[in-house]
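The values are calculated or read from the model by the stated rules, or taken from the named source; none is laboratory data. Model, not experiment: these values are computed from the prediction. Cβ placement follows ideal geometry from the backbone for every residue including glycine, while neighbour counts extend to all protein chains displayed.
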Amino acid sequence: MTVFRTVEIDLVLPSDARSDGSPAHGTRPHGALTRQAASLESIETLRFSDLGYVTPDHVPYPPIVTQAFDLDRGLSLSSSALGGSSSYGAITLINADGALDDIITQKVNDHLPIRIFGGEKRWDDARGLWIDPPPSALTPIFGGLGTVWQPDRNALSIPLLDVSSWLSVNMDVRTYGGGGKLDGDSNVAGRNQPRVRGTVCNISPTLIDAANYVYQVSDGPAAITALYEGGFGGGIGYGGDVADLYAASPAPGTYTVQRSPTGTWLRLGTKPVYGITVDAFGSFASGAAPQNVLDILRQMLVEDFAFPAGYLDPAWPATSDLAPWAGGWFWDGSETVTGADVVNTLLSGLGISLIPTRSGTMRPVALAPPVYGAQPVLTLTPDQITEISSVGLDSSLNPPTWRWRIGSQHNFTIQTSGSGLHPQAPTDRQALIAISDRNSVWFSAVVKARWRVPNDPSPVTTALQSAYDAQLIAERHGDLWGTFRELWAVSVPAALAWKVDLGDFVSVQAPVPGLSEAMMGCVVAEHIRSSDATVTLQILILGNPQNPADQTNDFGGDLEDMVPA
């Protein structure tokens, strides 16, 4: 067997817009434009390989790839965050005869799709030649984008990016023009409009018209569940929804609301004495109203960042059961926000990473011990492992952690006792708005006593709404990191490594301490060098799940023995 790689590059070719002046007798005047929309662009796919490849349909892949790419990607394992990190090299193509000169000079070649596949040629003894496999037998290695091509005298280099590079774009927002009414007065001219997605607590809406006491809550439809003045919710009453806030002033001591796909505003009938805050639930302009944090993130990528829907993995549905936890966040418009910022904010503390897959899509991955019945995607034995070595975990996770504090119901407007609070603000409300987060705690006195200096991570701010969900996640973190974990760098043949992706469970058995018997682990990183025939996987050993029926109870007996006959 001989390992080879193929490269496919999609070039988008703009077409000149032109009118069709053909006659249309009997239906339209002579010379009228056609009613059939013509495509303004076409796609041309370039195909190359490193060793040469021809499909059964006689489509050639010329062998001009001198360097496929070097790849390093993985999950960032630390107590403060669990995100994805990756770095890629470049594809190098031979251009000694100038065959690619026209593409370099005439075609648009920035941020265009690139796919790399791997396969194995089979030797045919009877005919004395190598047999190419069909395209269906090739395994995806990389799917992403190529940046601006860099030509040399006899070669062409194409730097690579994964699909997560789309997250570097800024959030699509509207800006106040300062023209008055809903366009804002001169005080907010040039400022971005606020945005609410999901359930938020105690946010400060933007005062856009100081003369008429008009505030904007969100740039989309939002439901105001409560309004407070200085922490007191009984002073200003709800006056109803209206089609136009400026048609009539609200009655004294009340507020009216105008909402539409382009925003939600409120107007007070009386000048407030203390600061105005609201609890709200924000939806999207399309009408979508996801409640769970992961579902909100997915909809934001599609609707607020124009993330190409084709880059969302089919395993990531609009309603995911991976993280069934309600929450939300508020962006007040004072700062520029990128897609990466939103991902970090909404997934903070959840133990979930958004990773690029080999096929060029994005999907969320939860890092957690395997449940009973989970099957490994790949089984690695000493016969397949060419090298294995220990890798040190981040110092925030090794030694183990003895306590986790996970926040919920984030308070966006800190209000402490003093002149900023209404005299009638209840004590329970004052306690809620005086701190930024309420923490749910997991701790282990056993871990604290066993290790001389166990880790104690700082409280983690999350987008969660429920303290119950935060407690569940704290316990999951404790289950994962409240014990000693080992991380191993395992080198295996490339064709074997291509069968797994980040987040997949594998079974590992090797002649090293702790792995004399097969143990389950999770692939958290990989390192690929195009010049090597092997790939190094970093595997976090999580242990084999136990059958709940075989576990003992707190008194040391078998659970089955406790069941009455």
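With the structure loaded, tell me whether Tyr215 is touching a strand residue (DSSP E or B) at 6+ places or on another chain (Cβ under 7 Å) and touching a residue at least 40 places away in the same chain (Cβ under 8 Å) or whether it fails that test. Step through it out loud before you land on a result.
On the way: touching a strand residue (DSSP E or B) at 6+ places or on another chain (Cβ under 7 Å): yes; touching a residue at least 40 places away in the same chain (Cβ under 8 Å): yes.
Taking the combined requirement at face value, the residue satisfies it.
Annotation: Tyr372 fulfils all but one of (1) more than 23 Å from the chain's Cα centre (by Cα); (2) under 30 Å from Trp166 (Cβ atoms); (3) among the aromatic types (Phe, Trp, Tyr); the unmet one is (2).
For the condition of a type in the set (Lys, Arg), assigned to a helix (DSSP H, G or I), at negative phi and out of contact with any Cys (no Cβ under 9 Å at 6 or more places or on another chain), what is the one hit in Arg298, Arg363?
Working: Arg363 fails: assigned to a helix (DSSP H, G or I).
Residue meeting the stated conditions: Arg298.
The set of residues in region 246-294 being outside any strand (DSSP E or B) and among the hydrophobic types (A, V, I, L, M, F, W, C) consists of Ala247, Ala248, Ala251, Val273, Phe284, Ala285, Ala288, Ala289, Val293, Leu294.
Matching residues to (1) in contact (Cβ under 8 Å) with a residue 40 or more places away in the chain; (2) crowded, with 16+ Cβ neighbours inside 10 Å; (3) hydrophobic (A, V, I, L, M, F, W, C); (4) not assigned by TED's automatic domain parsing to the domain that holds Gln465:
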position	(1), (2), (3), (4)
Gly231	yes, yes, no, yes
Ala243	no, no, yes, yes
Ser286	no, no, no, yes
Glu303	no, yes, no, yes
Pro314	yes, no, no, yes
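The one condition from (1) touching a Lys or Arg at 6+ places or on another chain (Cβ under 8 Å); (2) assigned to a strand (DSSP E or B) that Ser389 does not meet is (1). Restricting attention to region 505-534 and to residues that are of a type in the set (D, E, K, R) and in contact (Cβ under 8 Å) with a residue 60 or more places away in the chain, the residue that is nearest to Thr381 (Cα to Cα) turns out to be Glu526. Taken together, Arg485, Arg450, Arg476 contain a single residue that is of a type outside the set (Gly, Ala, Ser) and without any contact (Cβ under 8 Å) to a residue 12 or more places away in the chain, which is Arg450.
All conditions but one from (1) at pLDDT 80 or above; (2) more than 17 Å from Ile9 (Cα to Cα) apply to Phe48; the one that does not is (2).
Tally the residues that are among the charged types (D, E, K, R) and over 29 Å from Thr483 (Cβ atoms), restricting the search to region 522-540.
Summing the residues that are among the charged types (D, E, K, R) and over 29 Å from Thr483 (Cβ atoms) in region 522-540 gives 2.
Looking only at residues in region 379-422 that are of a type in the set (S, T, N, Q) and under 24 Å from the mean Cα position of the chain (by Cα), the one that is surrounded by the fewest Cβ atoms within 10 Å (Cβ to Cβ) is Ser396.
When the test is whether a residue is in contact with a strand residue (DSSP E or B) (Cβ under 6 Å, 6 or more places away or on another chain), buried (at least 16 other Cβ atoms within 10 Å of the Cβ), among the acidic types (Asp, Glu) and within 18 Å of Thr225 (Cβ to Cβ), Asp279 passes it.
Count, please, the residues in region 104-137 that happen to be modelled with pLDDT under 80 and either in contact with a helix residue (DSSP H, G or I) (Cβ under 6 Å, 6 or more places away or on another chain) or crowded, with 18+ Cβ neighbours inside 10 Å (or both). Can you show your working first?
Going residue by residue through region 104-137, those that are modelled with pLDDT under 80 are 104-111.
From the residues that got through so far, the ones that are either in contact with a helix residue (DSSP H, G or I) (Cβ under 6 Å, 6 or more places away or on another chain) or crowded, with 18+ Cβ neighbours inside 10 Å (or both) too are 109.
Residues meeting the conditions: 1.
How about region 203-220: which of its residues are of a type outside the set (A, V, I, L, M, F, W, C), over 35 Å from the mean Cα position of the chain (by Cα) and in a loop (DSSP other than H, G, I, E, B)? If the condition is that a residue be of a type outside the set (A, V, I, L, M, F, W, C), over 35 Å from the mean Cα position of the chain (by Cα) and in a loop (DSSP other than H, G, I, E, B), then Asn212, Tyr213 are the ones that fit.
Counting just the residues of region 245-256 that are more than 29 Å from Ser417 (Cα to Cα) and of a type outside the set (Ser, Thr, Tyr), which one comes out surrounded by the most Cβ atoms within 10 Å (Cβ to Cβ)? Ranking the candidates gives Pro250 first.
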